[in-house]
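Report on the structure given below.
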Amino acid sequence: MYLFAKLLHVVAVILFLGNIITGLFWKFHAERAKDPKSIAEVFDGIIRSDRLFTLPGSIFIVAAGFWTAMIGGFPILGTGWILWSIVLFSISGVIFTLRIVPLQRSIRALAREGAASGQFDWPRYRALAHAWDVWGLAAMLTPVAAVVLMVLKPALPAL
């Protein structure tokens, strides 16, 4: 049962991180086209894939992770690498909710307006896109760091 729970946890992490990285790829690809309609479509897709993969993936990561720890006899808050992985994953969730989601909606709205009017506010887009890149990097690196902790299992302080 432990290995099955661990498998579910690892698959959820792969889908979660894969979706985030794929979103970055498509965003940079759309920017190269310099077409607001393409940018709007890409952000439609990113927002939709977040609803279909990122959010459910995060739920499965947490549920399968807790289940795995319980089956394996690991005290969740008493095992440093688990505790700090949860902290990092939580930071990623806060960044995603408070920064990434509003930026994605703003970028999509700006791109839709530009596609409809034929006049795109590139300086505003670049400012929003830069903020999305910075916050997106933080939201991506924190769960990647959590993966490193989960694999290497370093001796870290716990509660």
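Throughout, read-outs are computed from the coordinates displayed, never taken from laboratory work. Everything numeric in this text was worked out from a predicted model, so none of it was measured. All Cβ positions, even for glycine, are placed from backbone atoms using ideal geometry, and neighbour counts span all protein chains on display.
For the reader, a short list of remarks on this structure follows.
- Every residue from the stretch 32-50 that is under 20 Å from Pro102 (Cα atoms) and out of contact with any helix residue (DSSP H, G or I) (no Cβ under 7 Å at 6 or more places or on another chain): Glu41, Arg48, Asp50
- Meets criteria (crowded, with 18+ Cβ neighbours inside 10 Å, within 19 Å of the chain's Cα centre (by Cα) and in a helix (DSSP H, G or I)) for Ile59: no
- Listed conditions (1) closer than 15 Å to Ile46 by Cβ; (2) exposed (fewer than 13 other Cβ atoms within 10 Å of the Cβ) are all met by Val101, apart from (2).
- Those residues of the stretch 18-41 which are crowded, with 20+ Cβ neighbours inside 10 Å and under 16 Å from the mean Cα position of the chain (by Cα), in sequence order: Ile20, Gly23, Lys27
- Hits in the stretch 105-127 - residues which are polar (S, T, N, Q) and surrounded by 13 or more Cβ atoms within 10 Å (Cβ to Cβ): Ser106
- Neighbours by Cβ (under 8 Å, 6+ apart or cross-chain): first from the stretch 1-28, farther than 18 Å from Ile71 by Cα; second of a type in the set (D, E, K, R) and crowded, with 19+ Cβ neighbours inside 10 Å: Asn19/Asp50; Gly23/Asp50
Rundown of residues vs (1) in a helix (DSSP H, G or I); (2) more than 15 Å from the chain's Cα centre (by Cα); (3) over 24 Å from Val151 (Cα atoms), yes/no style:
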| site | (1), (2), (3) |
| --- | --- |
| Ile47 | yes, no, yes |
| Arg51 | yes, no, yes |
| Leu77 | no, yes, no |
| Ser85 | yes, no, no |
| Ser92 | yes, no, no |
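- Test: residue in the stretch 100-119 that is assigned to a loop (DSSP other than H, G, I, E, B) and either farther than 22 Å from Phe25 by Cβ or under 24 Å from the mean Cα position of the chain (by Cα) (or both): yes
- All told, Ala69 falls short of being small (Gly, Ala, Ser), assigned to a helix (DSSP H, G or I) and surrounded by fewer than 18 Cβ atoms within 10 Å (Cβ to Cβ).
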